[in-house]
1. Here is the link list: Lys56/Lys135; Lys46/Lys175; Lys21/Lys143; Lys21/Lys61. Which ones come out longer than 23 Å on Cα distance?
2. Just how large is the dipole of the stretch 151-267 about the Cα centre, in debye to the nearest 20, putting +1 at every Lys and Arg Cβ and -1 at every Asp and Glu Cβ?
3. Expressed in nm to one decimal, what extension gain is obtained for the pair Ala362 and Asp67 from 0.36 nm per residue of sequence separation less their Cα-Cα distance?
4. Any idea how far the Cα center of the stretch 254-311 sits from the one of the stretch 62-131, in Å?
5. Hey, got a sec? Which trypsin sites (Lys or Arg not before Pro) in the stretch 30-107 land in a DSSP loop and have at most 14 other Cβ atoms within 10 Å?
6. Return the equivalent ellipsoid semi-axes of the stretch 267-387 as a descending list in whole Å, where each equals the square root of 5 times an eigenvalue of the C-alpha gyration tensor.
7. Please work out the Kirkwood hydrodynamic radius for the stretch 26-111, using every pair of different C-alpha atoms, and report it in angstroms with one decimal place.
8. Say each of Ala222 and Lys14 gets a label point 7 Å from the Cα, pointing the same way as Cα to Cβ; how far apart are those two points in nm?
Amino acid sequence: MNIHEYQAKEIFRKYDVPVPKGGVAFSVEEALKVAKTLDSNIFVVKAQIHAGGRGKAGGVKIAKNLDDVSQHAKDILGKTLVTHQTGPAGKKVARLLIEEGIDIFRELYMGIVLDRQSGKYVFMVSTEGGMEIEKVAAETPEKIIKEWIDPGIGLQSFQARKLAYALGLEGVQVKQGLKFMFALWKAFSSSDASLVEINPLVVTGSGDVMALDAKMNFDDNALFRHPDILEFRDLSEEEPSEVEASKYNLNYIKLDGNVGCMVNGAGLAMGTMDIIKLYGGEPANFLDVGGVANPETVANGFRIIMSDRNVKAVLINIFGGIVRCDRIAQGIVQALNEVKVDIPVVVRLAGTNAKEGAQILADSNMDFIVASGLAEAAEKVTAAIKE
């Protein structure tokens, strides 16, 4: 689950991670009200959307007085920001973060993320703050310093010192930096976050270390332990079809293609998407209906797939293991009696009772295209779209 910058900074404050003073605003009037509470002559008006690159898209403005705050708030609220992370459709701005201006001496980068390959967390820092860290990683990877953190032990003092020196911190800044890193690690680990990123992390003119930005993602499977964080979820920032799928415990991710996919198993779903691409098609979604694909699950899956107007054909790829293919075929037939589907549907069944399942589909008097192999299924679904 993603949250907004101002929400991440609320969590930072809870764990004593230094951030600028500020507050959220949903209107121009609220923006002015927040600005008036800040003891500052300079203000920052920041669009709040679940995407990076807001500054380049015109979503971050410096205000030198309250009139500027008002004007920038008017300009940004309701605007659709298009960044490298939003895609061409962009995201509409419905809320702002109003903060005090900060005397910036240096801009740095700091982040923590899970490394699934090693089973450890990676604490990363770079002196190239304020830039797109993906670009830094691609062009000058040596400028990103990493320390692997054992989750059973946590961040160690020698690791924090190594990172502080890598950032070029000096004198009192080192002490500030160490205190900052341990507070950030506490915020990350205690909230079951999967990612925390600060870009830029700044050293102020007085030598303080502060998070000027804040991004946090969380492990969905751990949110039952954090009802306070779950309240931060902003459904308006999420794809509506993905929100709908989550109600039925379906693993669904919308993509930009025209071939709807319904598969049981995440690995098989990824393989299915790959082979669709190999045969010249474009997957419209990732949909894993799980190990127990019953008629209700299949019907809900079809309903969500058909809500995407870009879908021109559907490929159902099921491997019968725990659940027999004949039961899945019965579910598909029952689901299509409930959900109107007026586009080609290609079905590939393999595994336990695959022949019986294929016979059920054939006897249903529905216009299925049955394939015996995955390659044949991908070939038929792409051909159906062309026809």
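The values are calculated or read from the model by the stated rules, or taken from the named source; none is laboratory data. These numbers were taken from a predicted model, which means no experiment stands behind them. Virtual Cβ from ideal backbone geometry, glycine too; neighbours counted across all protein chains shown. The protein model used for the area step is the full one, side chains on, heavy atoms only, and it has no ligands, DNA or RNA in it. Shrake-Rupley method; radii C 1.70, N 1.55, O 1.52, S 1.80 Å.
1. Lys46/Lys175; Lys21/Lys143
2. 720
3. 99.2 nm
4. Centre-to-centre distance over Cα atoms comes out at 33 Å.
5. Lys56, Lys64
6. The answer is 20, 16, 14 Å, longest axis first.
7. 13.4
8. Between Ala222 and Lys14, the label points sit 1.3 nm apart.
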